Amino acid sequence: MSAVVVEGVHRRFGSGPSAVAALRGVDLTVGEGELLALRGRSGSGKTTLLNIIGGLDRPDSGRVVVGEVEVTAMSDAQALALRRDSVAYVFQSFALIPVLTAAENVGLPLRLRHIGVAEREARVAELLDHLGLSAHARQRPGELSGGQQQRVALARALAARPRLLLADEPTGQLDSATGRDIMHLIRRIVDEDGMTAVVATHDPELLAVADRVVGIADGRLHEMMGA
């Protein structure tokens, strides 16, 4: 069964001679429980594709289905609910709230869903322990290393038990060893929780843990290798 289906997606930015075609007729299917790596250089279109899959952006044409829901037919409010309940993002820049502790950052999606305090605290503690962060629960992002911040961002993304994880260059600001640790964490979570993940990267060292690698260049996809 497919977790993500992308059909004939085109996306252009700007108009006239200066317009940029970010995606050119993209077709992609991602199976349930699959970890797919999307490999491409900066400007290749991978961020645009992730944003369209997650409903942060809309294509000029084509359709996207996540689970049994057509994302491209949703209203803005419906797309927001999808990201709150079913689709999670991990960004290269971590995007943590600096005034909140690690535990508070992780618990934020649960507060937005009005989850009770006891259940929320139990889930936060579970995730922090799962990602080796229990000792850092009370620290703020500025007191954490880059790898620790990215693990907090990953824990926050997983807090609401999403069906789909979209990660845009999640290791881009990390050294190679820490980057590999983050990718192996994502691999373990996909295996243990049955979640689907699409991870954009241009680092060839991080591709070995994926089930499948799809390349993107000039807004077009091409299969690169199998697991």
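Among the candidates LEU100, LEU36, LEU50, which residue alone is more than 15 Å from THR196 (Cα to Cα) and either at pLDDT 95 or above or outside the structural domain of LEU166 (by TED's automatic domain parsing) (or both)?
That would be LEU100, the only listed residue that is more than 15 Å from THR196 (Cα to Cα) and either at pLDDT 95 or above or outside the structural domain of LEU166 (by TED's automatic domain parsing) (or both).
I need every pair where a residue in the stretch 167-186 that is on the phi > 0 side of the Ramachandran plot and of a type in the set (Asp, Glu) has its Cβ under 9 Å from the Cβ of a residue that is buried (at least 22 other Cβ atoms within 10 Å of the Cβ) and outside any helix (DSSP H, G or I), sequence separation at least 6 or different chains.
The qualifying pairs are GLU169/VAL199; GLU169/ALA200; GLU169/THR201.
If you check LEU49 against the conditions, is it over 25 Å from VAL209 (Cα atoms) and either under 19 Å from the mean Cα position of the chain (by Cα) or crowded, with 22+ Cβ neighbours inside 10 Å (or both)? If you could, list the steps in order and put the result at the bottom.
Working: over 25 Å from VAL209 (Cα atoms): no; either under 19 Å from the mean Cα position of the chain (by Cα) or crowded, with 22+ Cβ neighbours inside 10 Å (or both): yes.
Considered against the rule, which asks whether it is over 25 Å from VAL209 (Cα atoms) and either under 19 Å from the mean Cα position of the chain (by Cα) or crowded, with 22+ Cβ neighbours inside 10 Å (or both), LEU49 comes out as no.
Take ASP57 and tell me if it is among the acidic types (Asp, Glu), within 17 Å of GLU169 (Cβ to Cβ) and out of contact with any Asp or Glu (no Cβ under 6 Å at 6 or more places or on another chain).
yes
Give the residue that is modelled with the lowest pLDDT, with candidates limited to residues of the stretch 192-207 that are aliphatic (A, V, I, L, M) and closer than 19 Å to TYR89 by Cβ. Walk me through it before giving the result.
Restricting attention to the stretch 192-207, the residues satisfying the condition of being aliphatic (A, V, I, L, M) are 195, 197-200, 206-207.
Filter once more, so that each one left must be closer than 19 Å to TYR89 by Cβ: 195, 197-200, 206.
Details: MET195: 93, ALA197: 96, VAL198: 96, VAL199: 94, ALA200: 93, LEU206: 75.
The qualifying residue modelled with the lowest pLDDT is LEU206.
Could you check the stretch 186-206 and list, in sequence order, the residues that are buried (at least 18 other Cβ atoms within 10 Å of the Cβ), touching a helix residue (DSSP H, G or I) at 6+ places or on another chain (Cβ under 9 Å) and either in a loop (DSSP other than H, G, I, E, B) or of a type in the set (Val, Ile, Thr) (or both)?
ILE186, ILE189, MET195, THR196, VAL198, VAL199, THR201, listed by residue number.
Take LEU56 and tell me if it is within 26 Å of VAL106 (Cα to Cα), aliphatic (A, V, I, L, M) and either in contact with a strand residue (DSSP E or B) (Cβ under 9 Å, 6 or more places away or on another chain) or not in a strand (DSSP E or B) (or both).
The answer is yes for LEU56.
Take the residues in the stretch 153-170 that are among the charged types (D, E, K, R) and either under 17 Å from LEU38 (Cβ atoms) or in a helix (DSSP H, G or I) (or both); name whichever of them is modelled with the lowest pLDDT.
GLU169
Since GLY33 meets every condition but one in (1) outside any strand (DSSP E or B); (2) exposed (fewer than 15 other Cβ atoms within 10 Å of the Cβ), which condition does it not meet?
Of everything listed in (1) outside any strand (DSSP E or B); (2) exposed (fewer than 15 other Cβ atoms within 10 Å of the Cβ), GLY33 misses just condition (2).
Pairs needed: first member in the stretch 58-82, assigned by TED's automatic domain parsing to the domain that holds GLY31 and on the phi < 0 side of the Ramachandran plot; second member anywhere, basic (Lys, Arg) and surrounded by fewer than 13 Cβ atoms within 10 Å (Cβ to Cβ); C-beta distance under 9 Å; at least 6 residues apart or different chains.
As it stands, the answer is none, since no pair meets every condition given.
Right, VAL213: part of a loop (DSSP other than H, G, I, E, B), over 22 Å from ALA95 (Cα atoms) and either not assigned by TED's automatic domain parsing to the domain that holds VAL124 or not polar (S, T, N, Q) (or both) or not?
Against the criterion (part of a loop (DSSP other than H, G, I, E, B), over 22 Å from ALA95 (Cα atoms) and either not assigned by TED's automatic domain parsing to the domain that holds VAL124 or not polar (S, T, N, Q) (or both)), VAL213 does not qualify.
Return yes when THR178 is surrounded by 14 or more Cβ atoms within 10 Å (Cβ to Cβ), at pLDDT below 90 and within 20 Å of GLN92 (Cα to Cα) and no when it is not.
Yes, satisfied.
Checking PHE94 against (1) in contact with a strand residue (DSSP E or B) (Cβ under 8 Å, 6 or more places away or on another chain); (2) buried (at least 18 other Cβ atoms within 10 Å of the Cβ); (3) in a loop (DSSP other than H, G, I, E, B); (4) not charged (D, E, K, R), only one condition comes out false. Which one?
Looking at each condition in turn, PHE94 falls short on (1).
In the set ARG24, ARG41, which member is assigned to a strand (DSSP E or B) and of a type in the set (Lys, Arg)?
None of the other options fit; the residue is ARG24.
The values are calculated or read from the model by the stated rules, or taken from the named source; none is laboratory data. Fair warning: this is a prediction, and the values are worked out from it, not measured in the lab. Backbone-built Cβ (ideal geometry, glycine too); neighbour counts: all protein chains shown.
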